[in-house]
Amino acid sequence: MEKRRSGSYIIVLLACLVLVMLAAALFGGSGKKSAKAPENTALAALTPTASAAAQTPAPAKSLSTTPVPNNGKPDIPAVAKADDKFFSDSVFVGNSLVDGLYLYGGVNTCDWLSGTGLSVANARTQKLSDKHGGSCTVMDALAAKKYGKVYVQLGINEIGMDQDDFAKSYGKLLSDIRKLQPSADIYVMSLTPVSAYKSAHSPYFTHDRVVSFNKAIYKLCAEGGYWYLDDFTPLADKDGYLPSADTKDGVHFVTSYYPVWMDVIRTHYIERT
């Protein structure tokens with residue numbers, strides 16, 4: 001009797017064990033099983049999909065700028081010829097020669113502050129036509145508008161001055177222009193050549209004096225941080241004179257020679273990227 005009861009207990013225990021295993025199989029399989037994370041999950045999180053990358057704008061590229069020359073070398077290399085649009089942020093400051101450039105040079109996209117008799121001595125006081133029906137001084141105009149490029153051509157009216165006094169006065173004027181236009185490229189143009197006849201018959205408008213003044217202007221540019229635009233060399237003949245066919249008075253150009261001068265300016269500038 002006792003033996004039969006022990007056998008019954010074993011059968012019941014086995015049945016219970018079977019039921020427990022069946023329940024585990026049924027209810028464990030119906031539950032959601034957590035999936036194993038792929039090994040490259042972190043990399044995938046850092047790398048956007050192709051569509052996401054296409055929608056994400058690239059960071060804005062900052063424009064590099066060319067600093068003013070501070071290495072004692074203010075020379076400007078010859079580069080590709082600039083179009084009229086290049087001068088849309090420019091202003092030309094100068095005497096009657098620059099006035100001729102305004103009239104016959106072929107560029108009307110820039111501003112002009114030029115007039116007969118303008119010099120380093122009167123640039124702050126002489127009233128000039130603004131070419132738009134009004135008048136102003138050079139400094140008033142430069143104080144009123146910001147430019148990307150300022151071209152200055154002075155010196156031929158001062159050719160009779162003491163060279164050191166000229167350089168001192170010109171240096172002060174350029175410094176004042178820099179204060180008004182701190183972000184602009186300032187191009188200081190050399191004196192243009194005079195004719196052989198003019199040089200031989202004038203005590204001041206001589207080849208040697210023009211060359212000497214240009215050396216002083218070059219030094220100003222090297223020390224003051226301005227670009228030196230050499231107009232003299234490309235406009236002179238092999239002997240260093242203004243060709244007689246291109247001038248009537250030995251200093252100013254005939255109409256057809258101003259575009260030639262403008263082409264020198266078009267091909268000598270500092271490229272910014």
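The values are calculated or read from the model by the stated rules, or taken from the named source; none is laboratory data. From a predicted model like this one, the values you see are computed outputs, not experimental measurements. Neighbour counts run over all protein chains shown; Cβ positions are idealised from the backbone, glycine included.
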Taking region 77-109 on its own, how many of its residues are over 25 Å from D246 (Cα atoms) and either at pLDDT below 95 or not aliphatic (A, V, I, L, M) (or both)? 8
Can you tell me which residue within region 164-185, out of those that are over 21 Å from the mean Cα position of the chain (by Cα) and within 22 Å of D99 (Cβ to Cβ), is surrounded by the most Cβ atoms within 10 Å (Cβ to Cβ)? Y170
What are the pairs, 6+ residues apart or on separate chains, where a residue within region 133-158 that is basic (K, R) has its Cβ under 8 Å from a residue that is in a helix (DSSP H, G or I)? K149/F87; K149/D89
Give the residues of region 138-147 that are in contact with a strand residue (DSSP E or B) (Cβ under 7 Å, 6 or more places away or on another chain) and either outside any helix (DSSP H, G or I) or of a type in the set (K, R) (or both), sorted by residue number. Y147
Any residue in region 160-182 that is under 16 Å from F92 (Cα atoms) sitting within a Cβ distance under 7 Å of a residue that is among the basic types (K, R) and not in a helix (DSSP H, G or I)? List the pairs, counting only those 6 or more apart or interchain. Q181/K146
If you scan region 226-251, which residues turn out to be closer than 28 Å to L174 by Cα and surrounded by fewer than 18 Cβ atoms within 10 Å (Cβ to Cβ)? D230, T233, P234, G240
Surrounded by fewer than 20 Cβ atoms within 10 Å (Cβ to Cβ), part of a loop (DSSP other than H, G, I, E, B) and among the hydrophobic types (A, V, I, L, M, F, W, C), is that true of M161? yes
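Quick check on region 243-251. Is at least one of its residues in contact (Cβ under 8 Å) with a residue 60 or more places away in the chain, touching a Lys or Arg at 6+ places or on another chain (Cβ under 8 Å) and outside any helix (DSSP H, G or I)? Let's see the steps before the verdict.
Quick first cut of region 243-251, residues in contact (Cβ under 8 Å) with a residue 60 or more places away in the chain only: 251.
Then drop every residue that is not touching a Lys or Arg at 6+ places or on another chain (Cβ under 8 Å), which leaves 251.
Now narrow it down to the ones that are outside any helix (DSSP H, G or I): 251.
Scanning region 243-251, I find at least one residue that is in contact (Cβ under 8 Å) with a residue 60 or more places away in the chain, touching a Lys or Arg at 6+ places or on another chain (Cβ under 8 Å) and outside any helix (DSSP H, G or I), so the answer is yes.
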Out of all the residues in region 204-219, is one or more touching a Ser or Thr at 6+ places or on another chain (Cβ under 9 Å), modelled with pLDDT of 95 or more, surrounded by 19 or more Cβ atoms within 10 Å (Cβ to Cβ) and charged (D, E, K, R)? no
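Mind checking which residues of region 169-191 are in a helix (DSSP H, G or I) and over 10 Å from V120 (Cα atoms)? Please lay out each step first, then the result.
Within region 169-191, the first condition is being in a helix (DSSP H, G or I), and the residues that meet it are 169-180.
Within region 169-191, S175, D176, I177, R178, K179, L180 meet the criteria.
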Among (1) of a type in the set (G, A, S); (2) modelled with pLDDT under 50; (3) under 21 Å from Y269 (Cα atoms), which single condition is A58 missing? (3)
With respect to Y204, determine if the residue is touching a residue at least 60 places away in the same chain (Cβ under 8 Å) and either within 20 Å of N157 (Cβ to Cβ) or hydrophobic (A, V, I, L, M, F, W, C) (or both). no
Looking only at residues in region 67-101 that are in contact with a Ser or Thr (Cβ under 6 Å, 6 or more places away or on another chain) and assigned to a helix (DSSP H, G or I), which one is surrounded by the most Cβ atoms within 10 Å (Cβ to Cβ)? V98
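Tally the residues that are part of a helix (DSSP H, G or I) and crowded, with 16+ Cβ neighbours inside 10 Å, restricting the search to region 102-137.
Matching residues across region 102-137 total 2.
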Which of the numbered conditions does P234 fail, given that it passes all the others? Conditions: (1) within 18 Å of S119 (Cα to Cα); (2) in a helix (DSSP H, G or I); (3) not β-branched (V, I, T). (1)
